[in-house]
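So the structure is just underneath, and the comments pick up after that.
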Amino acid sequence: EAGFAPRCAVGRYCPDKPLTRALTAYILDRALALPAATDDYFDDDTGSTFEGPINRVVEAGVMTGCGTRTFCLTGGVNRGQLISILHRGLVPTP
């Protein structure tokens, strides 16, 4: 309802479906209302719907890539990773 996460199909939300790194970036970008990124950080997201959100969460320091110029869009996010990502996005650094 808040518009943070897209549906998985028309009229369906699929709460048990695992999150990919790309979808996690998309959700966090929308939830945190991040400003536009000033750089393109990865090569494996070129042309992807998620390229903008990925660049914004990386520039904000909320997420990192999985390798040099690689984000691993389809990789999964486990519970520990999600908590770490949320902490970086929601808790100000001193």
Exercise for the section: Please find, among D16, D29, the residue that is of a type in the set (D, E) and open to solvent by 90 Å² or more (accessible area, probe 1.4 Å). Expected result: D16
Handout entry: The one condition in (1) open to solvent by less than 40 Å² (accessible area, probe 1.4 Å); (2) at pLDDT below 95; (3) not hydroxyl-bearing (S, T, Y) that H87 fails to fulfil
Key = (1)
Practice task
Name every residue in segment 69-81 that is at pLDDT below 95 and either in a loop (DSSP other than H, G, I, E, B) or surrounded by 15 or more Cβ atoms within 10 Å (Cβ to Cβ) (or both), in order of residue number.
Solution key: V77, N78, Q81
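From the list R56, R21, R69, R79, exactly one residue is on the phi > 0 side of the Ramachandran plot and charged (D, E, K, R). Which is it?
Working: R56 fails: on the phi > 0 side of the Ramachandran plot; R21 fails: on the phi > 0 side of the Ramachandran plot; R79 fails: on the phi > 0 side of the Ramachandran plot.
None of the other options fit; the residue is R69.
Residues are listed down the side, and each one gets a yes or a no for (1) on the phi > 0 side of the Ramachandran plot; (2) assigned to a loop (DSSP other than H, G, I, E, B); (3) open to solvent by 50 Å² or more (accessible area, probe 1.4 Å); (4) among the charged types (D, E, K, R):
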| site | (1), (2), (3), (4) |
| --- | --- |
| T38 | no, yes, yes, no |
| Y41 | no, yes, yes, no |
| G65 | no, yes, no, no |
| I83 | no, no, yes, no |
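Limited to segment 21-40, what total is found for residues that are in contact (Cβ under 8 Å) with a residue 60 or more places away in the chain and under 12 Å from G61 (Cα atoms)?
1
Open to solvent by less than 50 Å² (accessible area, probe 1.4 Å) and out of contact with any helix residue (DSSP H, G or I) (no Cβ under 6 Å at 6 or more places or on another chain): which single residue out of E51, E59 fits that description? Break it down into steps so the answer makes sense when it comes.
Values: E59 fails: open to solvent by less than 50 Å² (accessible area, probe 1.4 Å).
Testing whether each residue is open to solvent by less than 50 Å² (accessible area, probe 1.4 Å) and out of contact with any helix residue (DSSP H, G or I) (no Cβ under 6 Å at 6 or more places or on another chain) leaves just E51.
The values are calculated or read from the model by the stated rules, or taken from the named source; none is laboratory data. This is a predicted model, so every value here is computed, not measured. No Cβ is skipped: glycine too gets one built from the backbone with ideal geometry, and neighbour counts run over all protein chains shown. With ligands, DNA and RNA removed, areas are computed over all heavy atoms of the protein, side chains included. Shrake-Rupley method; radii C 1.70, N 1.55, O 1.52, S 1.80 Å.
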